[in-house]
Every structure is written in C-alpha cells, then in structure tokens.
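Enquirer: Got a structure for you, questions after.
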Amino acid sequence: MTARIIDGNALSARVRGEIAERAAALTARGVQPCLAVILVGGDPASAVYVRNKVAGCEKAGIRSLRFDYPQDASQQEVMARLAELNADPSVHGILVQLPLPAHLDETAVLEAIDIRKDVDGFHAENVGLLSQNREGFVPCTPNGVMKMLETAEVPVQGAEAVVIGRSNIVGKPMAMLLTNAGATVTVCHSKTRDLAFHTRRADIVVAAIGKPRFVTGDMIKPGATVIDVGINRLDSGPDAGKLCGDVDFASAVEVAGAITPVPGGVGPMTITMLLENTVVSAERAARDAGK
Ligand code: NAD
C-alpha cells in the first residue's frame, strides 16, 4: 500500500487565490488589508521567513509594512512600535518574528500586541479563546494542518490523534484544535516513555519535533494519516543540504493511508493561514466601521 500524498502546494495556491479575492473586495470598499512585520536581529532563517511573508502579502494584494531592528534593539523601542501599530486603524495584522534576541522579554512583547491584530495567535488571550473554542486568532501552522485534514477529507471526529511535540506554536494549539474538532487526542513529547506505543494506535499522527526522519514506518498504524510539520536541514549523509521532515517519508509512505511531504506539505500552508488571518482581521475591522 502506498499512501495518498496531501499536496500542500496545490491547496495553498487555491486558498491564496480565495484570499486574494477577499483582499480585493475589501480594498474596493476602502479597507486594504495590511500586515506589519517586525524583525529584530539578523538571524538568516528569520530573514527568509519574513521575506516570504512579505512576498506572500504582495501577491495576495495585502499591504505589508516591515520594521527591521538591530540585534541590540531595546525593549522600549519594540514596545513603542507595537503601541503605534496597535493604534493605527489601517494596520490589521501585527507579527513579531520569533525567536527574539535573549535580552528581550518575548512574553511581554507578544502580550503587547492588540489581540484583534494578533494574526499569529500567540497572545495569551487568543490561546485562552482557542482553549474555550471561541472566536479569536489561531496559530498559523496548526490552523493550516486542520485545513489540510479538512480538504483531504480525513475524518477527525472520533479519531484517535497523536500529536508529537508540545510547543506553544505548534504542538499545544494543534492538540487543542483536534480536541475542538472531536478527536481523542494524546500529546507526546520528549519525556514520553514509549512513543511508538502511542503512535501505533493513532488514526492521525502529527509530528512537530524538530528531529529529522524520527518517526518511522513501523511506528505508524496501516492506513493512518501522517502530518509532518518538521522542517530540518540534513547536514550529513547522501542527502546533505536537503530539507526533510520529522517523518521518515520513505518508510512511512508504504504504511500510511495519507501523508504530507516535506517540502511541499505543511510549510506552504503556514504563510497562507497568516494571510488568511490578516484578511479576517481586516474583514472584522471593516464590519465594525460599517464599511
Ligand atoms: P520545539 O523545539 O519548540 O518543540 C519540539 C517538541 O518536540 C517539544 O515539545 C519536545 O518535547 C518534543 N520532542 C523532542 N524530542 C522528542 C522525542 N525524542 N520524542 C518525542 N517528542 C520529542 O519545536 P517547534 O517550534 O514546535 O517545531 C517543531 C518542528 O516543526 C521543527 O522542525 C520546526 O522547524 C517545524 N516547524 C515547521 C513549521 C511550518 O511552517 N511547517 C512551523 C513551525 C515549526
């Protein structure tokens, strides 16, 4: 048996087309969606992510503002910018690229974002709203995974789901979304005693670990859906320099019923959901302004 491939590039292209239409409709009503992105320091991976987010905005007809700060930027400087962006009605989304340099208080920075503009969904209040299954902003990567499950018509209600990883940006919100959608969810992490025991009974496995090819085919129940969130660059072996996920695709594809590849799986959906959250925020602002 060879698994069906869940194509993140194709889904992302389709959803981005819909987002562009919604952005154009808002612009025609005088409310062009706008995302402000703050980058502190010169981390090369962060710079690439920010570039891709800004380019994604441009293609979708979303205005973007970019604010670059040096590595030694002060907490006050960043907070002052956030206050300005919070107060600006033409800005609908605010994103602070993580990780921040160690001298900055990341929690304080994230909590300073107006929750109505918190399109990354990392503010504690949005996390609380998600846990209560109420309207707010949902973190982009797990939100993208839910969209992939939905379009691939993977039954979630009643399914046994295992999420590997408990980070605030992927694992925990992923578990919350699956719970809200009616799955029976187990969260595994670095202290889990027998990971394979859990994964082998799962109908849906979501891997968000950060360890290349860690989940192998023998850990998967035949026919299960495998969602690979990991993005790892291999630094040795025959594939050195290539990207791979947290799942050993070659062995898992032989056992699973459906699987996401890396690259071309969850990755493209993350920015897509950021664009969608920005448009949703602008739609709410237009509605509140009676436009
Ligand atoms: P993280 O380092 O914050 O969390 C990793 C989690 O894996 C932890 O909760 C830890 O307990 C768990 N873990 C570590 N070793 C384990 C083990 N041996 N067994 C079971 N669990 C173990 O990472 P993160 O930010 O959640 O990201 C996870 C992966 O997803 C990374 O590869 C990252 O690059 C990728 N990622 C991808 C996207 C995307 O857009 N596709 C977005 C965010 C993160």
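Bear in mind these aren't lab numbers, they're just calculated from the coordinates by the rules spelled out. Bear in mind the structure is a predicted one, so any value in this text is a computation, not a measurement. All Cβ positions, even for glycine, are placed from backbone atoms using ideal geometry, and neighbour counts span all protein chains on display.
Enquirer: Show which aspartates and glutamates lie in cross-link reach of Lys291 when reach means a straight Cα distance below 18 angstrom and same-chain residues fewer than eight apart are skipped.
Expert: Of all the aspartates and glutamates, those that pass the test against Lys291 - Cα under 18 Å, at least 8 places apart if same chain - are Glu21, Asp88, Glu283.
Enquirer: Okay, next question. I'd like to compare 178-185, 130-137: which one has the highest average count of other Cβ atoms within 10 Å, and what's the full order after that?
Expert: Values: 178-185: 18.1, 130-137: 15.5.
So the order, starting with the most tightly packed, is 178-185, 130-137.
Enquirer: Could you work out the relative contact order of the range 65-218? I mean the mean sequence separation of Cα pairs under 8 Å and 6+ apart, divided by the number of residues, in percent.
Expert: Contact order relative to length: 16 percent.
Enquirer: In debye to the nearest 20, how big a dipole does the range 140-267 give about its Cα centre with +1 on each Lys and Arg Cβ and -1 on each Asp and Glu Cβ?
Expert: 400
Enquirer: Summing +1 for each Lys or Arg and -1 for each Asp or Glu, what net charge is found among the other residues whose Cβ lies under 10 Å from the Cβ of Asp248?
Expert: Its environment carries a net charge of -2.
Enquirer: Which value at 222 nm does the chain reach when only helices count, each DSSP H run of 4 or more adding -39,500 (n - 2.57), with the total divided by all residues and rounded to the nearest 500 deg cm²/dmol?
Expert: -12500 deg cm²/dmol
Enquirer: log10 I(q)/I(0), Debye, Cα-only the range 105-236, no solvent, q = 0.12, 0.16 Å⁻¹?
Expert: Debye output, listed in q order: -0.48, -0.82.
Enquirer: What does DSSP give for the chain in terms of the percent of beta bridges that are antiparallel, rounded to the nearest 5?
Expert: 5
Enquirer: Which pairs break 23 Å Cα to Cα here: Lys191/Lys211; Lys53/Lys147; Lys172/Lys211; Lys172/Lys242?
Expert: Result: Lys172/Lys242 exceed 23 Å.
Enquirer: Using the Cβ atoms and a cut-off under 14 Å, what net charge is assigned to the surroundings of Arg66, where Lys and Arg are +1 and Asp and Glu are -1?
Expert: On the way: positive: Arg51, Lys53, Arg63, Arg81; negative: Glu58, Asp68.
Value of the local net charge: +2.
Enquirer: Right, next: Can you check how the C-alpha radius of gyration of the range 30-114 compares to 2.2 N^0.38 Å, as a plain ratio? Write out the running numbers ahead of the final one.
Expert: Working: Rg = 12.7 Å, N = 85, 2.2 N^0.38 = 11.9 Å.
Taking the Cα Rg and dividing by 2.2 N^0.38 Å, one obtains 1.07.
Enquirer: Also, I was wondering about something else. Given 10 Å bins starting at zero, what is the percent of C-alpha pairs of the chain in each, up to the one with the largest pair distance?
Expert: Cα pair-distance distribution for the chain, in percent: 6, 27, 34, 23, 9, 1.
Enquirer: Another question about this same structure. Taking N as the number of residues in the range 164-291, what is its Cα Rg relative to 2.2 N^0.38 Å?
Expert: Values: Rg = 17.0 Å, N = 128, 2.2 N^0.38 = 13.9 Å.
With N residues counted in the range 164-291, Rg over 2.2 N^0.38 Å equals 1.22.
Enquirer: Hey, what's the Kirkwood Rh for the range 117-191 if you take every pair of different alpha carbons, in angstrom?
Expert: Result for the range 117-191 stands at 12.5 Å.
Enquirer: Can you list which of the GluC sites (Glu not before Pro) found in the range 142-227 are DSSP loop residues with at most 13 other C-beta atoms within 10 Å? Don't jump to the answer; show the numbers that get you there.
Expert: Details: sites: Glu150, Glu153, Glu160; in loops: Glu153.
For GluC sites (Glu not before Pro) across the range 142-227 that sit outside H, G, I, E and B with at most 13 neighbouring Cβ atoms in 10 Å, the list reads Glu153.
Enquirer: With the Cα gyration tensor of the range 1-75 in hand, give its eigenvalues times 5 under a square root as the equivalent ellipsoid semi-axes, listed largest first in whole angstrom.
Expert: Working through the eigenvalues yields semi-axes of 28, 23, 7 Å.
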